[in-house]
1. Quick one: putting +1 on the C-beta of Lys and Arg, -1 on the C-beta of Asp and Glu, what dipole do you get for the protein assembly as shown around its Cα centre, in Debye to the nearest 20?
2. Of the listed peptides A:41-47, A:210-216, what is their order by residue-averaged count of other C-beta atoms within 10 Å, with the highest listed first?
3. Using the structure shown, list the pairs from B:LYS182/B:LYS239; A:LYS294/B:LYS22; B:LYS44/B:LYS185 with a Cα-Cα distance above 28 Å, or answer none.
4. Could you compute the FRET efficiency for A:GLN310 and A:LEU373, with r as their C-beta to C-beta distance and R0 at 60 Å, rounded to 0.05?
5. Does segment B:155-277 classify as rounded, prolate or oblate by the C-alpha gyration tensor (a ≥ b ≥ c root eigenvalues; a/c under 1.5 gives rounded; else a/b over b/c gives prolate, otherwise oblate)?
6. Shielding of B:229-239 by partners, i.e. mean partner chain Cβ atoms within 10 Å per residue?
7. State the answer as a single residue: which of B:ALA233, B:ASN195, B:TRP170 lies farthest towards the positive end of the charge dipole of segment B:154-277, with beta carbon charges of +1 for Lys and Arg and -1 for Asp and Glu, about the Cα centre.
8. Would you calculate, for chain B, the mean residue ellipticity at 222 nm contributed by helices, counting each DSSP H stretch of 4 or more residues as -39,500 (n - 2.57) and dividing by all residues, to the nearest 500?
Amino acid sequence: MKNKSQSCFFLSLLSLLFFYKSNAQTLQDYETQIRDLAGFGNSYFAAYTNLFSSNFGFSLNQGWPGGKIPEKAGHISISLVGTSSLIPIDNNNRFIETNELYQTSGIQVAPLTPGIFTDAEGGVAHFFLLDPSTNNRLVDPRDGAYISADFNMLKGLGTRFGVTPFIIPQIGLSLGRRTEVMLRVLPFNINFDDGDMRVSALGGAIRHDLSQWFTTEEDPAFSVQLLLSYMQNEVHFKPNGDQFLTFSNAFFNTAGTNIELSHQTHTQQALLFFNYRLSKIVELYVHGGAVHQKSDLGSDGLFQFTIDNQYINEVLTEEQSSLTVSDVFHSRLEKTVPTGGAGIQFSFGSFQAEAQYSYANTHIGSLGLRVNLFKNEM
Amino acid sequence: MKNSIGILILLFLFCGCEKNQKCDTLRYTFHLPSQLLADYPYVKLYQNQEDFYQGVNAITVEDSTNGLTFSTMGNNQFTPIWDIRRADGTSSWSDQQALAQLADHQVFFEECSVDVHYTDADALLQAISSSPIYTHLALPGLDQDGGSKTWEISRIFDEDSVEVTERPEWICIKSLVFTFYKGGKGGKIKIGTNNGQSPCGVYEELFNGMSEAYATYSLEGEDQRELRITAPAISDALKEQLTFHIASSSYEQLAISLTNADGQIGYATLTPLQDEE
């Protein structure tokens, strides 16, 4: 709860502007520092979430089964698949060095701030309004207080490994010719004190036994399969309005702000599986191929930022002291990496359990439990 | 089946919830090249801006045998501010962002500590470039750690070197006193009036009914000789009146050129008032 609250405050720092709406013309003198502020905010948010964002899509698209594919059409299976990256957290990635973020003289922060998996409080970022002509900080003429706002940086989660856990149901249908299609779907909504979260994941895979074309053996112990898969997911978090992106001090306030955060990934993958059946119960495999991930962090909704008119009335009329901002966050990561790993599958009648390790950008572990329904002859 | 589901869930709980130690406060050890001391005999570190302004709670060099070492505990509000000064008054006051860019951090999470290295000595020396005028404006002397200094305009001459100090067209600016606080570019300045006089002319806008007004100041231009006083939401006419060119400076006297409300150019000398804050 506290972490979310901190996020909210920091997000307000980031929100100061990306794109002005219609009343921007008279605020052009302030535009540079506002764009700088948004640049800083984006670079920080991207750095904070990097370990998660750069691996979640890869891990979500793992855990597809190896092992034998039913020969005939009509075989149906239902599985529950859990996947997670296991990212080593060390001294090199625990903290973000703020001197490597986007630099602007309007922001002052501590030299280090925790990354997403580091167990430490985030600290405070100070935002100072600057005089457009000199870039000097502005003060309240009455008491010399800087015209500024403080925003909390994000707290780290503090886990032994960086993880991106996800559990998703999967249904499989064999099409004949040792070909199987699989579908994964998971939509759910969570309502809690801080807001509403919608999570959805959708994707599928097709796998085909290649070795059947090269052997006349009916049930060979060794088989080779091709798997093509695609996964996408979206997370939307709509915080409760009065707790999120709202702050107020003697100089600024953000009443009327309404922001929804989103994270999306799209991942495509092509793999070859090399299976070897040790016994009726145990089958081993190795797999390798390539996987491509596109990860987008973004936001919808508007952020309304008001500066007390007495401090900027050289350029603003009273009605124009509010700035409305959209598209507060946007950052994209896109990467194609080789992937490879190994797995083991246990079969007990209609039940199967499978553990898989993959390396795709980082270590990824998967566990799958499968029940075979309408089990045609294998 | 049930057992397997249990194991699956436990795996994620284990990975997701096991906590590391908490490092909200880190021990920072700063390592500066030893050749810095040859040119810059005054080197102090502050934990935050307020301490830096006032010159209190300074962290001094801990060890100078193999480079300069400074050590302090820093929480997540820690914003290191360097006060590095050369004998002529050149300082690091306005260069904090440039100095931060040169820092390389090496974290030791198990010890909750971090080593900060400034390995590029040339770049470090080059980054320390704030005009000595800043120290002249705000401090009584080079060894003063922090605080402020108040200046009054003692005499004004016109372009023909005729003294115009008491002329009506100069009396409004002559009545002002300026208190410069330590800070470098964007440092604070308090503007008041001499002997409780009421502000007059274009300066009434600045005071807005108050007896004193705060603003910030900076030295602009490549040679850092244009002294600009910056206040929010003021007219262009007042901005012009709050811009001066510094011809010469020392801890005891400033020689500036300025313009009055009629557009006449004057040359003024400023001297410190005795009662310092």
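1. Numbers: 42 positive and 74 negative charges, 777 e Å.
The dipole of the protein assembly as shown has a size of about 3740 debye.
2. Numbers: A:41-47: 21.7, A:210-216: 12.0.
Put in order of decreasing packing, that is A:41-47, A:210-216.
3. Values: B:LYS182/B:LYS239 22 Å; A:LYS294/B:LYS22 33 Å; B:LYS44/B:LYS185 19 Å.
From B:LYS182/B:LYS239; A:LYS294/B:LYS22; B:LYS44/B:LYS185, over 28 Å: A:LYS294/B:LYS22.
4. Working: r = 71 Å, r/R0 = 1.19.
Once rounded, the FRET efficiency stands at 0.25.
5. On the way: a/c = 1.23, a/b = 1.05, b/c = 1.18.
Note, shape of segment B:155-277 comes out rounded.
6. Numbers: counts 2, 10, 7, 15, 11, 4, 1, 1, 0, 0, 4.
Other-chain Cβ atoms within 10 Å of each residue's Cβ, averaged: 5.
7. So the residue furthest toward the plus end is B:ALA233.
8. -5500 deg cm²/dmol
The values are calculated or read from the model by the stated rules, or taken from the named source; none is laboratory data. Just so it is clear, the structure is predicted and the values come from calculations on it, not from any experiment. Methodologically, a virtual Cβ is constructed for each residue, glycine included, from the backbone with ideal geometry; neighbour enumeration extends over all protein chains shown. Protein only, heavy atoms only, side chains kept; ligands, DNA and RNA dropped before computing areas. Shrake-Rupley method; radii C 1.70, N 1.55, O 1.52, S 1.80 Å.
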